[in-house]
Amino acid sequence: MTSIPEPTGRYNPVEVTVPRAVPRSRATLTAAIGTAVAALAAPLALTVPATAATAPDLGEYTVTALKFTVDTGDRTCVVDADLYRPAGVDARHTAPAVITTNGFGGNKADGGTAGAAKAFAQRGYVGLAYSGLGFGNSGCLISLDDPRIDAKAASALIDFLAGKRAADDGTKVDYVTADGGGQGDDPRVGMIGGSYGGAIQLATAAVDHRVDALVPLITWNNLAYALDPQNAVGTDVPGAYKWQWANGFYLMGEGQPLLVPSLDPSRINKLTCLHFVDRACDTIRMLNSGRYPAGRTDELLDYARSVSPVSYLKQVEAPTLLVQGQADSLFNLNEAQATYETLRAQGTTAKMIWQSWGHSGGITDPASGELSLGSGNFETSYVGQRVLAWFDRYLQGDDGADTGPDFAYYRDWVADPQRTYASASRPPSPTTTYYLSGDGKLVDNRRKVVRGSREYRNWLIPTSHSESSLAGLIGLPDPAPYDTRGTYLDWSTEPLAEATDVVGSPKATLKVVSPRTERVQNSSDAADKLVLFAKLYDVAPDGTKTLVHRLVAPVRVPDVTKPFTVSLPGIVHRYEKGHRIQFVIAASDGAYLGNKGVKPVTVTSAPGDTGTVQLPVVR
């Protein structure tokens, strides 16, 4: 399994002025799988309530419900959609189109999906909101945004917008602007949506080059990394299973009969795998087993990669504005970074924004100035203005539209809502190095390292807590992160002499000693290898510790006899003056499957041979 790449490039910060904005409601992610699993399933659908609209009173539009029978190669099924037609748009007065896409477990009527279609119809675009395969009233099995299946269905909708096919009731359109003007087989069309509705955009653009602009929000680059993260750099060893998030998806998909009455027969597979394609069920079962058998693991994680942008980005040509959330333990900032770097390297136009909210963090309002697809506050939010400019440029053909900086990020420590975003030419690389000292200090010079060694050992149950992955999103309390004494090691700086801003993905180089692991790590089951969790805390003068956005870096150590490098999840965080930076490696984490058996670990430090932590510090 390929690891998510680390950030690269020079940093050149520029503050971005954003408009005054009203607070938005947190994107509520809702679905229910009966009473027993409703709490688990709810967070997985990106369904922003369309309330308290902040958009100006714009144009009128009509909405028409449509059905499309599509052949995905494996099955023939119906796609459920709504067509939003702006007033005054006809064959002589054409308009570009925007397809809006739903999150996992959602459908065309979700606040974010319907809200975005409405918002763009108000602004003169033809909107088409549809329920992804296997959700809402659309048929077929859940195939995880597979470009070979889901993108085929999306391409059929583009045929409809091009006037090449009719809906099942005979409805046709002749009013979507074609590339080059007028009408034709290549409609001017963009896509927008979040999470599951983000990956389908990239999959569609990979198989249908008629797509002209993409805005994927909070989505994945590599589903194998997202669900079984391995943060050790440059290894094919599998990671540590993110069981809470993964089983939330699985239960939501398998529980569809409790969500959708009179389920379309095309959405039923078989008793042992009700609503997913077979390989998706096989993958989740293998991960839940806690084993990584040789050969079988590679096959199943290769499937997860095959339905991920990492496997097909080379075919994506459409200009892409990536928006990723800082508060996101499901699809972290490294996911967007990997997609961004790949697109840019191959010459595809791409820009990236790291906004405040993602899949994690509860249902409280995020900071002012953030985009809510449901409320349509495009003109009054920084991200919303960027999206409008993106579509102005690539759908309306406005060459003068300012699409903004290549990279921008939200700063929660800036009080002025009009200055919360800063920008740079690219995400910064690690610039500041600290060394792990044998006395538990994190020092800024190798000569300050004290010789020494310390040990921790895991228990057979989790002894560290970063998050209950689904709790915050459904309003349940989640205990503060903690580590149990004796099951982790930590290193802390002296109190900082000045505020220190970290923007990007930190990295650590480590060497551990674990004789018990050495004896078993070369077995046919990769689960015998050592698992640890690296993370960064912010320690206040009073001792209060904060795990930034509850993010951790799971690592299955490739070989405990050799040094290894860890790429931690990207963060945007200010360590205030007087605070300490604390680096921790823990033996376990309750949100992940960890070690097989007890594996004591020793970390040794000496001035000429010690681990390091590198931070992307910006000034």
Those residues of the stretch 424-471 which are of a type in the set (F, W, Y) and under 15 Å from T484 (Cα atoms), in sequence order: Y456, W459
query: So which of P558, P600 is surrounded by fewer than 17 Cβ atoms within 10 Å (Cβ to Cβ) and over 25 Å from the mean Cα position of the chain (by Cα)?
result: P600
query: Failed condition for H573, given (1) closer than 20 Å to Y241 by Cα; (2) in contact with a helix residue (DSSP H, G or I) (Cβ under 9 Å, 6 or more places away or on another chain), with all others met?
result: (1)
field: Yes/no for G361 being in contact (Cβ under 8 Å) with a residue 60 or more places away in the chain and crowded, with 24+ Cβ neighbours inside 10 Å
entry: no
message: So for the stretch 214-230 (the condition being farther than 28 Å from A471 by Cβ, modelled with pLDDT of 95 or more and assigned by TED's automatic domain parsing to the domain that holds A199), does at least one residue qualify?
response: yes
- prompt: How many of the residues in the stretch 421-447 are surrounded by 15 or more Cβ atoms within 10 Å (Cβ to Cβ), at pLDDT 95 or above and not in a strand (DSSP E or B)?
  reply: 4
- prompt: Does the stretch 255-287 hold any residues that are assigned to a helix (DSSP H, G or I), free of Cβ contacts under 8 Å to residues at least 40 places away in the same chain and among the charged types (D, E, K, R), and which are they?
  reply: D278, R279, D282, R285
message: I'd like the residue in the stretch 62-82 that is under 13 Å from A151 (Cβ atoms) and in contact with a strand residue (DSSP E or B) (Cβ under 8 Å, 6 or more places away or on another chain) and, out of all such residues, is surrounded by the most Cβ atoms within 10 Å (Cβ to Cβ).
response: V79
query: When you look at V520, is it among the β-branched types (V, I, T) and under 13 Å from S466 (Cβ atoms), yes or no?
result: no
Enumeration of residues in the stretch 288-310 that are among the polar types (S, T, N, Q) and in contact (Cβ under 8 Å) with a residue 24 or more places away in the chain: N288, T297, S306, S308
statement: Given (1) farther than 25 Å from D525 by Cβ; (2) crowded, with 21+ Cβ neighbours inside 10 Å; (3) not hydrophobic (A, V, I, L, M, F, W, C), P607 misses just (2)
statement: For the stretch 578-619 the number of residues that are hydrophobic (A, V, I, L, M, F, W, C) and outside any strand (DSSP E or B) is 4
message: I'm checking my understanding of the structure. Among residues of the stretch 190-233 that are among the polar types (S, T, N, Q) and not in a loop (DSSP other than H, G, I, E, B), which one is farthest from S360 (Cα to Cα)?
response: T204
- line: Exactly one of G134, G163, G127 is surrounded by 24 or more Cβ atoms within 10 Å (Cβ to Cβ), outside any strand (DSSP E or B) and not polar (S, T, N, Q), and that residue is G134
- prompt: Can you tell me how many residues in the stretch 288-327 are in a strand (DSSP E or B) and either among the aliphatic types (A, V, I, L, M) or crowded, with 18+ Cβ neighbours inside 10 Å (or both)?
  reply: 8
- line: Only one of (1) outside the structural domain of I474 (by TED's automatic domain parsing); (2) touching a residue at least 12 places away in the same chain (Cβ under 8 Å); (3) hydrophobic (A, V, I, L, M, F, W, C) does not apply to L436, and that is (1)
- request: Give the residues of the stretch 534-555 that are of a type in the set (D, E, K, R) and touching a Leu at 6+ places or on another chain (Cβ under 7 Å), sorted by residue number.
  value: K535
task: Restricting attention to the stretch 503-526, report how many residues are surrounded by fewer than 22 Cβ atoms within 10 Å (Cβ to Cβ) and touching a Phe, Trp or Tyr at 6+ places or on another chain (Cβ under 7 Å).
output: 3
- request: Tell me, yes or no, whether the stretch 472-483 has at least one residue that is assigned to a strand (DSSP E or B) and either in contact with a His (Cβ under 9 Å, 6 or more places away or on another chain) or farther than 19 Å from A591 by Cβ (or both).
  value: yes
query: Which members of the stretch 89-108 meet the condition of being in a loop (DSSP other than H, G, I, E, B) and either among the polar types (S, T, N, Q) or farther than 11 Å from A121 by Cα (or both)?
result: A91, R92, T94, N102, G103, F104, G105, G106, N107, K108
Residue tally, condition over 15 Å from L322 (Cα atoms) and either of a type in the set (S, T, N, Q) or outside any loop (DSSP other than H, G, I, E, B) (or both), over the stretch 375-393: 6
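The values are calculated or read from the model by the stated rules, or taken from the named source; none is laboratory data. On a predicted model such as this, the values are computed, not experimentally measured, just so you know. We place every Cβ from the backbone using ideal geometry, glycine too, and count neighbours over all the protein chains shown.
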